[in-house]
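A quick write-up on the structure given underneath.
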Amino acid sequence: MKIATFSTCKYDRVFLEKYNTGHELVFFEEALSLQNVVLTKGFDALCLFVNDRADEAVITLLEQNGIRLILLRCAGFNNIDLAAASEAGIKVLRVPAYSPEAVAEHAMAMILTLNRKTHKAYNRVREGNFSLEGLMGFNLHGCKVALIGTGNIGKAFYKILKGFGCDVMASDPFPDQSLVDDGLVYGNLETAIGDADIVSLHCPLSDDNHHMINSTTLKLFKPGAMLINTSRGGLIATQDVIEALKNGQLGYLGLDVYEQESQLFFHNLSEDVIQDDLISRLISFPNVLITSHQGFFTAEALEQIATTTFENADAFKSGLNLENEVSI
Ligand code: NAI
């Protein structure tokens with residue numbers, strides 16, 4: 001098949017070329033949007049990532065251009081209008097799990113950095129400043145953690161948290177029996193976050209949970225609690241979180257994802273004036289850590305993404321059962 005690959009970085013190309021099972025790949029660095037959908041003419045399939053937009057208008061044009069398949073190089077599919085894709089007869093396949101441990105480990109890295117301030121210590125010591133003032137953290141052992149979503153990543157994170165001796169409570173509309181058997185207690189969102197020192201989001205973004213962390217739910221947080229989001233930016237109402245950081249309701253914030261990330265993340269904007277005032281404000285807080293959607297970014301995950309993407313392409317080409325299809 002002839003596959004147009006969007007949002008391609010150098011590392012994507014390395015792994016996709018290595019594991020290609022014989023398809024013709026054309027790489028575009030830019031993210032798919034209404035402005036550049038014309039590029040898809042003459043292709044059979046698209047290979048997309050988290051910040052490519054395939055909304056209804058884009059899907060209509062994809063159908064006209066003869067696209068029959070969208071191969072997502074990710075698990076989340078909130079950037080694709082599935083109803084429009086189905087209407088257009090375009091199949092959408094994803095990589096349901098690619099090293100959930102990678103994202104879970106990154107969530108823990110964010111917690112440890114925010115808590116023990118190793119980033120500040122690193123810079124201080126390099127400048128000959130060996131003072132401990134302002135570096136005090138808290139023990140994770142015995143700390144209460146709320147896991148929102150216990151799918152592949154939440155489950156991997158639960159194991160890590162248990163290893164640290166944390167007291168974990170979870171919220172998920174579909175509790176995992178193996179975790180219940182392992183001692184995990186489930187409650188609703190309010191109960192889980194109300195008692196937690198750390199709240200970590202691991203659920204997909206949907207119409208139902210858009211801005212689930214907002215001015216109302218933030219009031220339920222323990223004053224000074226930590227919020228970690230490695231899932232999707234739209235789960236958090238950014239302006240409300242900024243207010244909660246300013247008034248101290250939120251003590252720490254770790255974001256690997258951001259509502260408006262498509263304009264920023266994966267690009268080197270170090271020579272530009274950032275036009276997004278919300279992210280600029282967030283960066284200015286001493287107790288906020290932002291990474292640019294790198295939770296998945298390990299060699300193991302990139303290998304898994306590439307192999308599953310081509311298994312999906314081959315299954316479609318051969319008319320086999322599409323086990324990684326996402327549909328409404
Ligand atoms: P999964 O599909 O295995 O699990 C998601 C879980 O969330 C399910 O158990 C589901 O029942 C639960 N859930 C759904 N709505 C919920 C709600 N409102 N409240 C609580 N739980 C809810 O997904 P997986 O693999 O664990 O990934 C989770 C999310 O992580 C993905 O949807 C994606 O947005 C994000 N992600 C981020 C990456 C990164 O690099 N930062 C990489 C991969 C995924």
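Can you tell me which of Lys219, Lys159, Lys120 is over 28 Å from Phe297 (Cα atoms) and among the charged types (D, E, K, R)?
Lys219
Among the residues in segment 166-173, are any surrounded by 10 or more Cβ atoms within 10 Å (Cβ to Cβ), out of contact with any strand residue (DSSP E or B) (no Cβ under 6 Å at 6 or more places or on another chain) and either over 19 Å from Leu205 (Cβ atoms) or among the charged types (D, E, K, R) (or both)?
For segment 166-173, residues surrounded by 10 or more Cβ atoms within 10 Å (Cβ to Cβ), out of contact with any strand residue (DSSP E or B) (no Cβ under 6 Å at 6 or more places or on another chain) and either over 19 Å from Leu205 (Cβ atoms) or among the charged types (D, E, K, R) (or both): present.
Among the residues of segment 61-118, what is the count of those that are polar (S, T, N, Q) and within 14 Å of the ligand (Cβ to nearest atom)?
Initial filter on segment 61-118 (polar (S, T, N, Q)): 64-65, 78-79, 86, 99, 113, 115, 118.
Next cut, within 14 Å of the ligand (Cβ to nearest atom) only: 78-79, 99.
Matching residues across segment 61-118 total 3.
So that you can scan it fast, the table gives a plain yes or no per residue for (1) within 11 Å of the ligand (Cβ to nearest atom); (2) out of contact with any helix residue (DSSP H, G or I) (no Cβ under 9 Å at 6 or more places or on another chain); (3) not hydroxyl-bearing (Ser, Thr, Tyr):
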residue	(1), (2), (3)
Ala156	yes, no, yes
Lys159	no, no, yes
Lys162	no, yes, yes
Gly165	no, yes, yes
Phe174	yes, yes, yes
Asp181	no, yes, yes
Val199	no, no, yes
Asn209	yes, no, yes
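Could you check Asp207 against (1) farther than 28 Å from Ala83 by Cα; (2) charged (D, E, K, R); (3) modelled with pLDDT under 95 and say which number it fails?
(1)
Of Gly224, Gly234, Gly248, Gly254, which residue is within 15 Å of the ligand (Cβ to nearest atom) and under 24 Å from Thr118 (Cβ atoms)? Lay out the reasoning, then the answer.
Working: Gly224 fails: within 15 Å of the ligand (Cβ to nearest atom); Gly234 fails: under 24 Å from Thr118 (Cβ atoms); Gly248 fails: within 15 Å of the ligand (Cβ to nearest atom).
After ruling out the rest, the residue left standing is Gly254.
Here are the criteria: (1) exposed (fewer than 15 other Cβ atoms within 10 Å of the Cβ); (2) under 19 Å from Lys155 (Cβ atoms); (3) of a type in the set (Gly, Ala, Ser). Tell me which single one Ala196 does not satisfy.
(1)
Among the residues of segment 282-328, count how many are outside any helix (DSSP H, G or I) and not aliphatic (A, V, I, L, M).
So the count comes out to 18.
Kindly evaluate Val26 against the criterion of being farther than 28 Å from Ser231 by Cβ and assigned to a strand (DSSP E or B).
So Val26 passes the test.
Consider only pairs whose beta carbons are under 6 Å apart and that are at least six residues apart or on different chains; among these, list those whose first residue lies in segment 265-280 and is exposed (fewer than 14 other Cβ atoms within 10 Å of the Cβ) and whose second residue is of a type in the set (Ser, Thr, Tyr).
Ile274/Ser280
Which condition breaks for Leu46 when tested against (1) without any contact (Cβ under 8 Å) to a residue 40 or more places away in the chain; (2) within 11 Å of Phe6 (Cβ to Cβ)?
In the conditions (1) without any contact (Cβ under 8 Å) to a residue 40 or more places away in the chain; (2) within 11 Å of Phe6 (Cβ to Cβ), Leu46 misses (1) alone.
Taking segment 107-128 only, how many residues are part of a loop (DSSP other than H, G, I, E, B), over 17 Å from Asn139 (Cβ atoms) and of a type outside the set (Gly, Ala, Ser)? So that I can check it myself, show each step before the final result.
To start, the set of residues in segment 107-128 that are part of a loop (DSSP other than H, G, I, E, B) comprises 117, 127-128.
Next, only the ones that are over 17 Å from Asn139 (Cβ atoms) stay: 127-128.
Applying the additional criterion that residues be of a type outside the set (Gly, Ala, Ser) yields 127.
Final tally of qualifying residues: 1.
Scan segment 139-154 and report the pairs whose first residue is on the phi < 0 side of the Ramachandran plot and within 14 Å of the ligand (Cβ to nearest atom) and whose second residue is modelled with pLDDT under 95 and not small (Gly, Ala, Ser), with Cβ atoms within less than 6 Å and a gap of 6+ or a chain change.
Every condition considered, the pairs that remain are Asn152/Pro100; Ile153/Pro100.
Every residue in segment 38-57 that is surrounded by 22 or more Cβ atoms within 10 Å (Cβ to Cβ) and aliphatic (A, V, I, L, M), please.
Residues satisfying the conditions are Ala45, Leu46, Leu48, Val50, Ala54.
May I ask you to list the residues in segment 59-99 that are in a helix (DSSP H, G or I) and crowded, with 22+ Cβ neighbours inside 10 Å?
Ile59, Leu62, Ala85
The values are calculated or read from the model by the stated rules, or taken from the named source; none is laboratory data. What you see is a predicted model, and the numbers here were worked out from it, not measured in a lab. Positions of Cβ are generated from backbone atoms using ideal geometry, with glycine treated the same way; all protein chains shown enter the neighbour counts.
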